[in-house]
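Q: Before anything else, here's the structure in question.
Derivation of every value follows stated rules applied to the coordinates shown; laboratory data play no part. These numbers were taken from a predicted model, which means no experiment stands behind them. Positions of Cβ are generated from backbone atoms using ideal geometry, with glycine treated the same way; all protein chains shown enter the neighbour counts.
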Amino acid sequence: MILVTGGTGFAGAATVRELARRGKSVAVLSRDASKVAARFPGLTVEARQGDVRDSESLRAAFEGIETVINCVQFPNSPIENKGKGWTFEQIDYQGTVRQVEAAKAAGVQRFIYLSGVGAAADAEKHWFVFKWQAEEAVRASGIAHVIFRPSWLYGPDDVALNRFLGFARWLPFVPTFGNGKQLMQPLFVDDLGRLLADAVERDDAIGHTFEVGGPERLSMDEVVRTALEVTGRRRFILHQPAAFGKLLATFLQRLPGPPLTPDAIDFITHEAVADNSALERVFAPKLTPLREGLATYLGAGK
């Protein structure tokens, strides 16, 4: 059986659906197991309850599992909430360490980890450092493993591009932070789901780390304009200085459930491009162009 941790989230749900489509036996780890059936109507998936902040809950959840696909993200990522333990350190790093320990105890045969482009030991931003440390925990586990580092993800359930489009429904402009020139390599979430499902059976991928981005490199402004065109809307993009966003976020982060933090501004204005060369050699994937991916779930007026 394959366990997708974070399986009710954005990337995790796409992976669960792809595995189910292939007829695989799939379990989904969630902090609230009752939500799993609602997330996957019509699919036969097993719900397992567990929290990556609680090692004891993971021990039971990992029993009888052959492959783990770790797609865990904390709620409202990348906006950290230290009061609830929803941080890159607690969830991305420590949460992966706990999963690795549970996987070893359960005799898991393969561990697939969803990291991120930019992960590095000497990265400037702490989220990339914690992603790297999580990768290192996976590499040192002794379990056959595959690591993916996706670029900027989009799809029906994303909370990034869809947020911009939400503004376009009732404003004559789309507000963004930064100058909109940062390069992105938008990756359709269904493409990532297929790659994660492929990695379950590809022995030639074991022990490797793959960066993965979409087939186009576009500026953030080009991404937003393409999405607006697909929806049939004409809006201008209102650029707000990142410094202003960080100043605003300095006050907002003090709220009980912070809607924004200065670090989140850095996260969303950072470039996200990938080197797909290793991915092409092993998987040779068919990656979806942005306009084609958007057209699968957006239409004029939506």
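Q: Take the chain, mark every one of the GluC sites (Glu not before Pro) that falls in a DSSP loop and has at most 11 other Cβ within 10 Å, then report the longest stretch left between them, sites excluded.
A: My reading of the result: 1-123 is the longest stretch.
Q: Hey, got a sec? Which trypsin sites (Lys or Arg not before Pro) in region 102-201 land in a DSSP loop and have at most 12 other Cβ atoms within 10 Å?
A: Passing sites in region 102-201 are Lys181.
Q: Once you put a point 7 Å from the Cα of Ser25 and another 7 Å from the Cα of Gln49, both along the Cβ direction, what distance in nm separates them?
A: 2.3 nm
Q: Can I ask one more? Starting from one equal scatterer on each C-alpha and no solvent at all, send me the Debye-based log10 I(q)/I(0) for region 47-121 at q = 0.24 Å⁻¹, two decimals.
A: Treating every Cα as an identical point scatterer, log10 I(q)/I(0) equals -1.15.
Q: Give me the percent relative contact order of region 1-77, please, defined on Cα pairs under 8 angstrom at least 6 residues apart.
A: Worked out over region 1-77, it gives 40 percent.
Q: Multiply the residue separation of Arg169 and Ala243 by 0.36 nm, subtract the distance between their alpha-carbon atoms, and state the gained length in nm to one decimal.
A: Full extension from Arg169 to Ala243 adds 24.0 nm.
Q: In a GNM of the chain with a 10 Å cut-off on Cα contacts, which of Leu255, Leu195, Leu19 has the highest mean-square fluctuation?
A: Result for the chain, Cα springs under 10 Å: Leu255 fluctuates most.
Q: Moving on to the next point. Looking at region 33-159 only, what percent of DSSP beta bridges run antiparallel? Nearest 5 please.
A: Numbers: 1 of 10 bridges.
Around 10 percent of the beta bridges assigned by DSSP in region 33-159 are antiparallel ones.
Q: Something else about it: Take every DSSP beta bridge with both residues inside region 2-295 and express the antiparallel ones as a percent of the total, to the nearest 5.
A: Beta bridges within region 2-295, antiparallel portion: roughly 10 percent.
Q: Once amide H atoms are built 1.01 Å from N in the peptide plane, which residues 5 or more positions from Leu183, or in another chain, come under 5 Å H to H?
A: When sequence neighbours closer than 5 places are left aside, the close amide H contacts are Ala272.
Q: While we're on this one: Residue by residue, what Karplus-based ³J(HN,Hα) values in Hz, rounded to whole numbers, does region 235-246 have, using 6.51, -1.76 and 1.60 with θ = phi - 60° and x for Gly and Pro?
A: 9, 9, 8, 9, 7, 10, x, 4, 4, 5, x, 5
Q: So for region 2-295, Kirkwood radius off the Cα pairs, Stokes-Einstein at 37 °C and 0.692 mPa s: how many µm² s⁻¹?
A: Here the translational diffusion coefficient equals 167 µm²/s.
Q: Another question, if that's okay. Against the longest principal axis of the chain, how steep is helix 10-21, in degrees 0 to 90 to the nearest 10, with axes from Cα atoms?
A: 50 degrees
Q: Hey, which lysines would be in cross-link range of Lys286, C-alpha to C-alpha under 22 Å, not counting anything within fewer than 8 residues on its own chain?
A: Those lysines meeting the cut-off are Lys24.
Q: Cα to Cα, under 28 Å, and not fewer than 8 places away if on the same chain: which lysines meet these conditions relative to Lys246?
A: Lys82, Lys84, Lys125, Lys131, Lys181
Q: What is the magnitude of the charge dipole of the chain about its Cα centre, with +1 placed on the Cβ of each Lys and Arg, -1 on the Cβ of each Asp and Glu, and no other charges, expressed in debye to the nearest 20?
A: Magnitude of the dipole: close to 940 debye.
Q: For the chain, with a Gaussian network of springs between Cα atoms less than 10 Å apart, report the residue from Ala61, Ala47, Ala160 with the top mean-square fluctuation.
A: The residue that fluctuates most here is Ala160.
Q: Under 1.5 on a/c is rounded, so check that first for region 145-297, then, if it is not, pick prolate when a/b is larger than b/c and oblate when it is not; a ≥ b ≥ c are the square roots of the alpha carbon gyration tensor eigenvalues.
A: Values: a/c = 2.30, a/b = 1.58, b/c = 1.45.
Prolate, because a/c is 1.5 or more and a/b exceeds b/c.
Q: Per residue of region 147-156, what does 6.51 cos²θ - 1.76 cosθ + 1.60 with θ = phi - 60° give for ³J(HN,Hα)? Whole Hz please, x for Gly and Pro, Karplus curve as stated.
A: Per residue, the Karplus-derived 3J(HN,Hα) values read 10, 10, 10, x, 8, 7, 8, 9, x, x Hz.
Q: Amide H of Phe177 versus every other amide H placed in the peptide plane: which residues, excluding those fewer than 5 positions away on the same chain, fall under 5 Å?
A: Sorted by chain and number, the residues that satisfy this are Gln240.
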